[in-house]
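These notes concern the structure reproduced below.
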Amino acid sequence: MRTGFLGLGAMGAPMARNLHKAGLLQGVWNRSADRAAALAQELGCTAAATPAELAAQCETLVLCVSADTDVLEVVRALAPGLKPGGLVIDCSTVSADTARAAGALVAARGAAFLDCPVSGGVEGAQKGTLAIMCGGDEAAFERAKPVLEAMGRTVRWFGPQGAGQATKATNQIMCAGIIRAVGEAMAFARAQHLPLERVVETLGQGAGSSWYFVNRAPYMVRGSFPAGFRVRLHEKDLRICRDMAAASGVALPVVDDVLREYAELIRRGHGDEDISSIYRLKQELFEQAPFTNPAPDAIAALLRRIRTIAVVGLSSDPSRPSHGVARQLQRFGYRVIPVTPTAEEILGERCVPSLDALGDVLAPGEQVDLVDVFRRPEHVAAVVDDCIRLGVPALWLQDGVVDEATARRARAAGIFTVMDRCVYRDRAALGG
């Protein structure tokens, strides 16, 4: 069965390669002629100058293009070359109405048309393991099976023209809900300071797992979203789903919500990333939430547990609040290390110029349990950057030091963070 392939994008090129492996590929065509020429040279097939030229060489044609208008444009362009009894298989994702319109154009030339959208992403296209959902004449579907099975592992017929696209629309709704849930779950796991690789490894075997969790949660862990299924393409598909549902008088909340989120990603320039980049928005839910201090009992437990406190911005002037607080902390038995470049010793402790120099004054086995910050708000972010880099376990921004964004960033890095409170007053409230 001499087969031609039209549309050599991220999905189409590997699908064409699998047709070649099965001994079915006669030739290729692509809107960008250089891409068709390169693949034809790689596979030893022809690169047609036009869709009609390719149609004249083949018994079967497979399309895989981006949008409804593209499908109709390519079908109109290939129609003059179609032979009676020929077969056109469209693997694009478009509306059911577009599938029926394309089918009518093909039928006018005495050929058969199947709408056969695919699922499985670039990985499935490369491995030949796609799920293929087919609509059209059942006899034409049986004829097309050798071609379809060369590209996919699961090939099913669902009914007349448009049924394949309706099934794919069902799949795209599921993908929207799943990738959104995976994004929220991974953002939640990060906010809980869980070991994310272990989360993916373990929950990937659980009841809540899915292909998207196993294969795309790792993208979220790395914060890198190489294109597999692009945001702008899924956004296009979901608009189709929304319109198909609207024809039944129904709005789909998941579809509407994900469309709004995709619109924001596209606005920010992430439209060509994988749809797992929805995680960007979910992580922001935690990063931008109003900062609240830990529960009082958690703060009390911290103050009972710690032994060594580094005080950033400790003044040598006894009239300054930082000096008074540090003196009272010493009376409660804490070791207070002054972090300031302007003095050599304060309250009997040698000063260090920065947090990086703490090792110069710590005893063997001793660590800093808490960094207490007395600095102007505009200087706090740099101090917190140092705390994150050094892995400080706890951070206290003294009363009057208010920087919610920086406090959230410290907490997101796993640092126990308290803001706009006096460490001395909290410790005094515990008694003893």
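All of the numbers you see were taken from the coordinates with simple rules; none came from a lab. Nothing here was measured: the structure is a model prediction, and the numbers come from that model. Heads up, the Cβs are rebuilt from the backbone with ideal geometry, glycines too, and the neighbour counts pull from every protein chain shown.
Each of Ala246, Tyr219, Ala207 was scored by the projection of its Cα onto the charge dipole of the stretch 196-266, and the greatest displacement toward the positive side belongs to Tyr219; charges sit on the C-beta of Lys, Arg, Asp and Glu. Take the alpha-carbon centre of the stretch 206-221, take the same for the stretch 1-46, and report the distance between them in whole Å. Cα centroid to Cα centroid, the span is 32 Å. Pairs from the list Lys145/Lys168; Lys21/Lys83; Lys127/Lys168 with a Cα-Cα gap above 22 Å: Lys21/Lys83.
How would you rank 10-17, 214-221, highest first, on the average number of other Cβ atoms within 10 Å across their residues?
Highest to lowest by the protection proxy: 10-17, 214-221.
For the stretch 168-287, the relative contact order is 39 percent, taking Cα pairs closer than 8 Å that sit 6 or more residues apart in sequence and dividing their mean separation by the residue count. Couplings for the stretch 314-329, taken from phi via the Karplus curve 6.51 cos²θ - 1.76 cosθ + 1.60 with θ = phi - 60°, read 5, 8, 7, 7, x, 7, 7, x, 4, 5, x, 5, 4, 4, 5, 5 Hz in order; Gly and Pro are left as x. The phi torsions of the stretch 399-414, fed into the Karplus equation with coefficients 6.51, -1.76 and 1.60 and a -60° offset, translate into couplings of 4, x, 9, 10, 8, 4, 4, 5, 5, 5, 5, 5, 5, 4, 7, x Hz, rounded to whole numbers, with Gly and Pro shown as x.
Multiplying each eigenvalue of the alpha-carbon gyration tensor of the stretch 296-429 by 5 and taking the square root yields semi-axes of 19, 17, 16 Å, largest first, rounded to whole angstroms. Relative protection proxy for 187-199, 274-286, from highest mean packing down: 274-286, 187-199 (other beta-carbon atoms within 10 angstrom).
Look at the alpha carbon pairs under 8 Å that are at least 6 residues apart: their mean separation over the length of the chain gives a relative contact order of 9 percent. Dividing the helix sum by the residues of the chain, where each DSSP H run of 4 or more adds -39500 (n - 2.57), gives a mean residue ellipticity at 222 nm of -15000 deg cm²/dmol.
For the stretch 369-416 and the stretch 251-325, write down the distance between their C-alpha centroids in whole Å. Using only Cα atoms to place each centre, the spacing works out to 12 Å. Mean sequence separation of contacting Cα pairs (under 8 Å, at least six apart), scaled by the length of the stretch 209-279, corresponds to a relative contact order of 50 percent. Extending 7 Å from Cα along the Cβ direction at Ser248 and again at Thr50 yields two label points whose distance is 4.2 nm.
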